[in-house]
1. When residues of segment 103-117 are filtered for being out of contact with any helix residue (DSSP H, G or I) (no Cβ under 9 Å at 6 or more places or on another chain) and either under 15 Å from A5 (Cα atoms) or open to solvent by less than 40 Å² (accessible area, probe 1.4 Å) (or both), how many remain?
2. Given the conditions (1) loosely packed, with under 12 Cβ neighbours inside 10 Å; (2) under 14 Å from R18 (Cα atoms); (3) of a type in the set (A, V, I, L, M, F, W, C), report the number of the one that I56 does not fulfil.
3. Taking interchain pairs and intrachain pairs at least six residues apart, which have beta carbon atoms under 6 angstrom, with the first residue in segment 1-16 and open to solvent by less than 70 Å² (accessible area, probe 1.4 Å) and the second in a loop (DSSP other than H, G, I, E, B) and small (G, A, S)?
4. Among the residues of segment 11-38, which ones are under 26 Å from A102 (Cβ atoms) and in a loop (DSSP other than H, G, I, E, B)?
5. Taking the condition among the small types (G, A, S) and either surrounded by 12 or more Cβ atoms within 10 Å (Cβ to Cβ) or within 23 Å of G15 (Cβ to Cβ) (or both), does G41 pass?
6. Can you name the residue in segment 64-78 that is surrounded by fewer than 19 Cβ atoms within 10 Å (Cβ to Cβ) and not charged (D, E, K, R) and, of all such residues, is farthest from G14 (Cα to Cα)?
7. For segment 39-60, name all the residues that are more than 14 Å from the chain's Cα centre (by Cα), modelled with pLDDT of 95 or more and either assigned to a strand (DSSP E or B) or among the acidic types (D, E) (or both).
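The values are calculated or read from the model by the stated rules, or taken from the named source; none is laboratory data. Because the structure is predicted, anything quoted here is derived from the model rather than measured. All Cβ positions, even for glycine, are placed from backbone atoms using ideal geometry, and neighbour counts span all protein chains on display. Ligands, DNA and RNA are stripped out before the accessible areas are found, and what is left, the full protein with its side chains, is counted by its heavy atoms. Shrake-Rupley method; radii C 1.70, N 1.55, O 1.52, S 1.80 Å.
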Amino acid sequence: VQLQACGGGLVQAGGSLRLTCAASDQTVRGYSVGWFRQAPGKEREFVAGFRWSDAIPSYADIVKGRFTISRDIAKNSFYLQMNNLKPEDTAIYHCAAGRAIASTRRNQSAYNYWGGGTQVTVSS
């Protein structure tokens, strides 16, 4: 499966953005999907994810309550709604898919397919 992420941009602190990850076909429905981000000088970190079949989300503590991951089955796409953005959310955001399970969902090594990144910049 191929993934394409979009929706990043420049926003002021407190603002919102919605990222979209479009999958090339419905094989994505057999995977877990997730969002990761990488800030300058830092390692890539897990943001949010779920198994496509049940869409029960997991979130990094630092985004819980502000970010929401969701999917559109018909469009083979999933999203990251980001509210109350903070300057520390500035990063390149990547979407991913793979056979992650609940215990490995936060590990980037559990994901086989990656979309190109989309830059999110939050100004103070």
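1. Final tally of qualifying residues: 6.
2. I56 satisfies every listed condition except (2).
3. Pairs that qualify, where the first residue is open to solvent by less than 70 Å² (accessible area, probe 1.4 Å) and the partner is in a loop (DSSP other than H, G, I, E, B) and small (G, A, S), are V1/S24; L3/G115; A5/G115; A13/S124.
4. Hits for segment 11-38 are S24, D25, Y31.
5. In short, no.
6. Out of the qualifying residues, it is A74.
7. The answer is E43, and nothing else.
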